[in-house]
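A.B. asks: Encoded as structure tokens, here's the structure I'll be asking about.
The values are calculated or read from the model by the stated rules, or taken from the named source; none is laboratory data. Not measured: the values here are computed from a predicted model. Don't worry about glycine lacking a Cβ; one is built from the backbone with ideal geometry, like all the others, and counts go over all protein chains shown. SASA here: full protein model, heavy atoms, side chains in, ligands and nucleic acids out. Shrake-Rupley method; radii C 1.70, N 1.55, O 1.52, S 1.80 Å.
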Amino acid sequence: MPKFDPAKPTGALERQTAFSSLRHRDFRLLWMGQIVSITGSQMQLAAINWHIYLLTGSALALGLVGACRAVPIILCSLAGGVVADVVDRRRLMMTTQAVMLLCSAILAIVTFRGLLHVWPIFLLTAIASAAWAFDTPARQGLMPTLVPLKDFPNAVSLSMLMFQVGLIVGPPLAGFLLASHGPALVYTINAASFVAVILGLALMRTSGRPEKDESQPARISLAALLEGLRFVWRTPIIVQTMTLDFMATFFASANQLLPIFAKDILRVGAQGYGFLAAAPAGGAVVTGLVMARLGTLKRQGLVVIVSIAVFGAATIAFGLSRVFWVSWLVLAIGGAADTISTILRQTIRQLVTPNKLRGRMTSVNMIFFMGGPQLGEVEAGTVAALIGAPLSVVTGGAACLIAAAIALGTAKNLREYEVK
């Protein structure tokens, strides 16, 4: 169960604000460290896409980056969930963060030495993604133990806000550095950014160990994995949110094609690319702040479906636009809609899942939440190579709208879900 301290006032005695969860020291340490790390990671993601397009000029090569991220996530995430429900989640995160730091440092070194081939980028991206597959279940399993239950929705909103701040700051900064110094410096900065999370985790007082069930001691085993899969499969609202998540992110994945839009269609160069990459976060930050302030929304399940539909419509508009500011605006609208949906989906899943199973539930969700966008990048790159980037984006947005319409008609548990 989420942390509860009877010595602290609750309810009306403690005023709720947009930053209520930051009153809790350990959550604050994790949140601040991750702002730094995610900013560095978003800088590197933007730099990798630009670097690969400069080396190859190929939309398919851009799509293969998604495959290098998706395959390790799919292969490792279920194991990552089992491990996160057995070992100390805080120490597991310190290990995974160190592995990702090492991957970025190696990438920086080989780039400084004059990288002429893309395979080292693909290989190091795959290794870092495998580490991420263990890191995410540990982080999401740890987070509900860092704040009281009443502050958990606010913690989820602020975690999304933190991610979007990284998206706003990271890609434009990467764009300027790419134009002036090249990708090696960006990779170096990202390597250094992981230190912030490692330090925050080391300073925490909260135990990272999952709750123990004396009747069924936690073990790393196939039985533990199957227990998590059974729970997910027997909880309809989790299945519905995960499926809708996968369908939307698989088809409406335009981010991987942004270098093509920036360089060849909108003709705004590396700096314009950085601003386009940050546009979804522009809308998302405003939305995250509003949601953190509002607290619990009404008709959360229906809002998820409507938000997915808006995201699909914004994706179509981006594919059709040939004006930079219009493209930036519709990307921002899509980012806002995606943030609403993501915050609500994550809150729903965490609240209906027991603490002892959160790591395994998160690992299953990762196949949908992270595998969807990465496989979607492969789909987008392949379709773009066949019919062009604009039509690839437009057809993907249309498929997202269809998925939302199907969910509205068939996903009764999600459509009617509401926590008051």
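A.B. asks: Cα-based count: Lys pairs in the chain below 29 Å, eight or more positions apart or different chains?
C.D. replies: Eligible lysine pairs with Cα atoms under 29 Å apart amount to 22.
A.B. asks: Could I ask something else about it? Using just the alpha carbons, could you tell me how many Å³ per residue the convex hull of the chain encloses? Show your work: numbers first, answer last.
C.D. replies: Details: hull volume 52.7 nm³, N = 420.
Taking only Cα atoms, the chain has a hull volume of 126 Å³ per residue.
A.B. asks: Oh, and also: Report in % the part of the accessible area of the stretch 36-120 that belongs to carbon and sulfur, leaving out ligands and nucleic acids; probe 1.4 Å.
C.D. replies: On the way: 2390 of 3300 Å².
In the stretch 36-120, the share of accessible area belonging to carbon and sulfur is 72 percent.
A.B. asks: Percent of accessible area on the stretch 312-420 owned by carbon and sulfur, 1.4 Å probe?
C.D. replies: Details: 2970 of 4120 Å².
So the carbon and sulfur contribution to the accessible surface is 72 percent.
A.B. asks: In whole Å, what is the distance between the alpha-carbon centres of the stretch 371-406 and the stretch 340-363?
C.D. replies: First find each Cα centre; the distance between them is then 26 Å.
A.B. asks: Continuing with this model, one more query. Helix 371-387: angle to the longest alpha-carbon principal axis of the chain, degrees 0 to 90, nearest 10?
C.D. replies: For 371-387 against the chain, the angle is about 20 degrees.
A.B. asks: In degrees from 0 to 90, rounded to the nearest 10, what is the angle of the helix 152-180 Cα long axis to the longest principal axis of the chain?
C.D. replies: The answer is roughly 20 degrees.
A.B. asks: Report the label-to-label distance for L408 and V306 in nanometres (one decimal), using points 7 Å from each Cα along the Cα→Cβ vector.
C.D. replies: 1.0
A.B. asks: Let's see if you can work this out: charge +1 on each Lys and Arg Cβ, -1 on each Asp and Glu Cβ, no other charges. What is the dipole magnitude of the chain about its Cα centre, in debye to the nearest 20?
C.D. replies: On the way: 33 positive and 18 negative charges, 166 e Å.
Taking the Cα centre of the chain as origin, the dipole is about 800 debye.
A.B. asks: Scan around V147 for amide H atoms under 5 Å from its own, H built in the peptide plane at 1.01 Å from N, and keep only partners 5 or more places away or cross-chain.
C.D. replies: K3
A.B. asks: Hey, another quick one. So with the 1.4 Å probe, I'd like the accessible area per residue for the chain, rounded to whole Å². Don't skip to the answer; put the middle values down first.
C.D. replies: Details: 17260 Å² over 420 residues.
Heavy-atom SASA per residue in the chain reads 41 Å².
A.B. asks: Can you pull the percent of the stretch 142-292's accessible area that's carbon plus sulfur, 1.4 Å probe, other chains left in place?
C.D. replies: Values: 4100 of 6130 Å².
Looking at the stretch 142-292 in its full context, I get 67 percent from C and S.
A.B. asks: A further question follows. Nearest 500 deg cm²/dmol is fine: what mean residue ellipticity at 222 nm does the chain get from its DSSP H runs of n ≥ 4 alone, each adding -39,500 (n - 2.57), divided by its residue count?
C.D. replies: Working: 15 runs with 314 residues, N = 420.
Calculated mean residue ellipticity at 222 nm is -26000 deg cm²/dmol.
A.B. asks: Pairs of Cα atoms under 8 Å, at least six residues apart: use those to get the relative contact order of the chain, whole percent.
C.D. replies: Working: 765 pairs, mean separation 122.4, N = 420.
The normalised contact order for the chain reaches 29 percent.
A.B. asks: Taking θ as phi - 60°, what are the ³J(HN,Hα) couplings along the stretch 47-54 by the Karplus curve (6.51, -1.76, 1.60), each to the nearest whole Hz, with x for Gly and Pro?
C.D. replies: 5, 4, 4, 5, 4, 5, 5, 5
A.B. asks: In degrees, nearest 10, range 0 to 90: what is the angle between the Cα axis of helix 222-233 and the longest Cα principal axis of the chain?
C.D. replies: Relative to the chain, helix 222-233 is tipped by roughly 80 degrees.
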